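First the structure, in the form of structure tokens, and then the observations on it.
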Amino acid sequence: DVKVTQSSRYLVKRTGEKVFLECVQDMDHENMFWYRQDPGLGLRLIYFSYDVKMKEKGDIPEGYSVSREKKERFSLILESASTNQTSMYLCASSFAGSGQPQHFGDGTRLSIL
Amino acid sequence: DQQVKQNSPSLSVQEGRISILNCDYTNSMFDYFLWYKKYPAEGPTFLISISSIKDKNEDGRFTVFLNKSAKHLSLHIVPSQPGDSAVYFCAASDTYAGGTSYGKLTFGQGTILTVHP
């Protein structure tokens, strides 16, 4: 059974702080993804990675960066947190190739005060 | 520019009846479509998918229909059960966008399904 683990379920940080969200998968997936989910907007892709040390911008990368030093771990970094980054953050992983489903973690509810 | 749209924010159905969730898309290059279910405080769970070369895929109580000419897909749940109450997201993949095969997904806004006992 695929396991995608996000380090925190709930996180509260202050404006201007540097915030790290961690994600680990145990299925040797090539691809890893970070999304944010906001009411009425669905899931929006922030960044993804298709290999170690490789990254690609998604649809809303501004204010975020990522790091993938090992295949199983993908980190999302908020360089200087702002209140409009308060959201639910979801990590996912998948095998490469056509039609491969992404498997999601349970999410991190991040509040920026 | 919303390439995948779920125009119904919510749907309410009686237990035992059929639930039909709809999704429209604009990008004719999408080659796979997927449905996910999400309970509160959990991540989305993959339900069922369909390739663009097919028009129907069935898995137990779940059937997905694809109408390429109308750029429309739907998820049918028969019979509906109270445990099916969740948010349902449709997603689409343009596997070879930009010459790559990363398998990025574009998600709709979601539809809240409530199944009443």
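Which ones in segment A:51-79 are surrounded by fewer than 18 Cβ atoms within 10 Å (Cβ to Cβ), touching a Phe, Trp or Tyr at 6+ places or on another chain (Cβ under 8 Å) and not charged (D, E, K, R)?
Scanning segment A:51-79 gives A:Pro61, A:Ser65, A:Ser67, A:Ile77.
Mind listing whichever residues of segment B:86-117 are crowded, with 21+ Cβ neighbours inside 10 Å, polar (S, T, N, Q) and modelled with pLDDT of 95 or more?
Answer for segment B:86-117, where residues must be crowded, with 21+ Cβ neighbours inside 10 Å, polar (S, T, N, Q) and modelled with pLDDT of 95 or more: just B:Thr111.
A:Gln102 - would you say it is among the polar types (S, T, N, Q) and under 24 Å from B:Tyr88 (Cβ atoms)?
Values: among the polar types (S, T, N, Q): yes; under 24 Å from B:Tyr88 (Cβ atoms): yes.
Criteria met by A:Gln102.
What number of residues within segment B:62-80 satisfy the criterion of being more than 26 Å from A:Gly107 (Cβ to Cβ) and part of a loop (DSSP other than H, G, I, E, B)?
Residues in segment B:62-80 being more than 26 Å from A:Gly107 (Cβ to Cβ) and part of a loop (DSSP other than H, G, I, E, B): 6 in total.
Select from segment B:22-43 the residues that are at negative phi and not in a strand (DSSP E or B) and list them in ascending order.
Passing the criteria: B:Thr26, B:Asn27, B:Ser28, B:Met29, B:Phe30, B:Asp31, B:Tyr39, B:Pro40, B:Glu42, B:Gly43.
Quick grid of which residues meet (1) surrounded by fewer than 14 Cβ atoms within 10 Å (Cβ to Cβ); (2) touching a helix residue (DSSP H, G or I) at 6+ places or on another chain (Cβ under 9 Å); (3) not in a strand (DSSP E or B):
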position	(1), (2), (3)
A:Val12	yes, no, no
A:His29	no, no, yes
A:Leu45	no, no, no
A:Ser49	no, no, no
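Which of the residues spanning segment B:10-32 are at pLDDT 95 or above, surrounded by fewer than 16 Cβ atoms within 10 Å (Cβ to Cβ) and within 13 Å of chain A (Cβ to nearest Cβ)?
B:Ser10
Considering only residues that are surrounded by 13 or more Cβ atoms within 10 Å (Cβ to Cβ), at pLDDT below 95 and more than 9 Å from chain A (Cβ to nearest Cβ), which ones fall in segment B:40-51?
Answer for segment B:40-51, where residues must be surrounded by 13 or more Cβ atoms within 10 Å (Cβ to Cβ), at pLDDT below 95 and more than 9 Å from chain A (Cβ to nearest Cβ): there is none.
Would you confirm whether or not segment B:52-75 contains a residue that is facing chain A (nearest Cβ under 9 Å) and among the aromatic types (Phe, Trp, Tyr)?
The answer is no; no qualifying residue exists.
So, in segment A:1-59, of the ones that are of a type in the set (Asp, Glu) and within 12 Å of A:Tyr89 (Cβ to Cβ), which residue ends up farthest from the chain's Cα centre (by Cα)?
Per the stated criteria, the residue is A:Asp38.
The values are calculated or read from the model by the stated rules, or taken from the named source; none is laboratory data. All values derive from a computational prediction rather than experimental measurement. Cβ coordinates were reconstructed from backbone atoms using ideal geometry, including for glycine residues, and neighbour counts include every protein chain displayed.
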